[in-house]
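Only one structure is covered here, and it is reproduced in the block below.
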Amino acid sequence: MNRFTGKTVLVTGAGSGLGRAIALAFAAEGASVVVAGRTAASLDETVGLVEAAGGTATAVTVDVTDSGRLRHLVHESVTRFGGLDIAVNNAGILRGTVPVGEVSEEDWDAVLRTNVTGVWLAMKHQIAHMKENGGGAIVNVSSNLGAHLRIPNVAAYITSKAAVSALTRAAALDHIHQGIRINAVSPGASAAPMSLRPGETEADRAERVKTENPLGRVAEAEEVAAAVLYLASPAAGAVVGTDLVVDSGSSA
């Protein structure tokens, strides 16, 4: 399929994991992709993978907690590829994996600043462009941990992702009249580094999830990417403010 030929797509947190898989999937369907993140070498690797597969991509370094850099990111997307049609806000961090009473103020602030404020700031600049240029689609990557499922010792992350789910719905209502469709995807454990517990190997994770979710396996990164592409596509034209869970049945 070539659902995104002629479209410019921006993906944050695209240097690895789900963000890289999302960028590759959009490029494979004809989009010009702007891959954004904090580490230039990782972004360049993603661009290389896109280009090796015959796609088009460019890298822009950005910290999503920096409003000025996010404004620059949108500007660079428009400058390099002529517009911004779709944005995927995927950047996020996990810290403070201890009981809530033991989470440091530094870890709490870092997680909320990146995972919630970073998504809000990114949308703020993306929306500013889209509402003046015929609309667009935004997909925020949340998590099944938060609005859908809770587990011990990740309170900061759970709080941040529940907020992303709520923020997505609020933003969707605020901006659909400007032609901007905003939705979220909430992955569970997936074939990405963030779903590995401290000291855990991929084989360890595969064994653990055999009994942790009904499907008995993690979601492949490409399966999560497919959900993102659906929400960004014309086929989802009437889908506004949804939070699509892709978690192998963990929160069913």
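Bear in mind that the values in this text are calculations on the coordinates, not laboratory data. Keep in mind it's a predicted model, so treat the numbers as computed, not measured. For neighbour counting, all protein chains shown are included, and Cβ atoms are generated from backbone atoms with ideal geometry for every residue, glycine included.
So, of the residues in region 208-241 that are of a type in the set (Ser, Thr, Tyr) and free of Cβ contacts under 8 Å to residues at least 60 places away in the same chain, which turns out to be farthest from Ile138 (Cα to Cα)?
Per the criteria, the residue is Thr211.
List the number of the failed condition for Lys124; all other conditions in (1) surrounded by 16 or more Cβ atoms within 10 Å (Cβ to Cβ); (2) part of a helix (DSSP H, G or I); (3) within 18 Å of the chain's Cα centre (by Cα) hold.
Of everything listed in (1) surrounded by 16 or more Cβ atoms within 10 Å (Cβ to Cβ); (2) part of a helix (DSSP H, G or I); (3) within 18 Å of the chain's Cα centre (by Cα), Lys124 misses just condition (1).
When only residues in region 146-190 that are surrounded by fewer than 20 Cβ atoms within 10 Å (Cβ to Cβ) and among the basic types (Lys, Arg) count, which is farthest from Ala91 (Cα to Cα)?
Checking each candidate, the answer is Arg150.
Name the pairs: first residue in region 136-161 and under 27 Å from His177 (Cβ atoms), second residue part of a loop (DSSP other than H, G, I, E, B) and hydrophobic (A, V, I, L, M, F, W, C), Cβ to Cβ under 7 Å, at least 6 apart or on different chains?
Filtered contacts from region 136-161: Gly136/Leu84.
Starting from residues that are β-branched (Val, Ile, Thr) and assigned to a strand (DSSP E or B), keep the ones in region 164-206 and report whichever is farthest from Gly118 (Cα to Cα).
Ile180
Any residue in region 20-35 that is closer than 12 Å to Gly6 by Cβ sitting within a Cβ distance under 6 Å of a residue that is of a type in the set (S, T, N, Q) and surrounded by fewer than 24 Cβ atoms within 10 Å (Cβ to Cβ)? List the pairs, counting only those 6 or more apart or interchain.
Glu29/Asn2; Gly30/Asn2; Gly30/Thr5; Ser32/Thr8; Ser32/Thr56
State the number of residues belonging to region 162-207 that are closer than 21 Å to Val11 by Cβ, touching a residue at least 60 places away in the same chain (Cβ under 8 Å) and of a type in the set (Lys, Arg).
Residues flagged as closer than 21 Å to Val11 by Cβ, touching a residue at least 60 places away in the same chain (Cβ under 8 Å) and of a type in the set (Lys, Arg) within region 162-207 amount to 0.
Which one of Asp63, Asp44 is assigned to a loop (DSSP other than H, G, I, E, B), within 16 Å of Gly13 (Cβ to Cβ) and either out of contact with any helix residue (DSSP H, G or I) (no Cβ under 8 Å at 6 or more places or on another chain) or not basic (Lys, Arg) (or both)?
Going through Asp63, Asp44 in turn, just one is assigned to a loop (DSSP other than H, G, I, E, B), within 16 Å of Gly13 (Cβ to Cβ) and either out of contact with any helix residue (DSSP H, G or I) (no Cβ under 8 Å at 6 or more places or on another chain) or not basic (Lys, Arg) (or both): Asp63.
Out of curiosity, is Gly15 assigned to a loop (DSSP other than H, G, I, E, B) and over 25 Å from Ser195 (Cβ atoms)?
No; evaluated as a whole, the condition is false for this residue.
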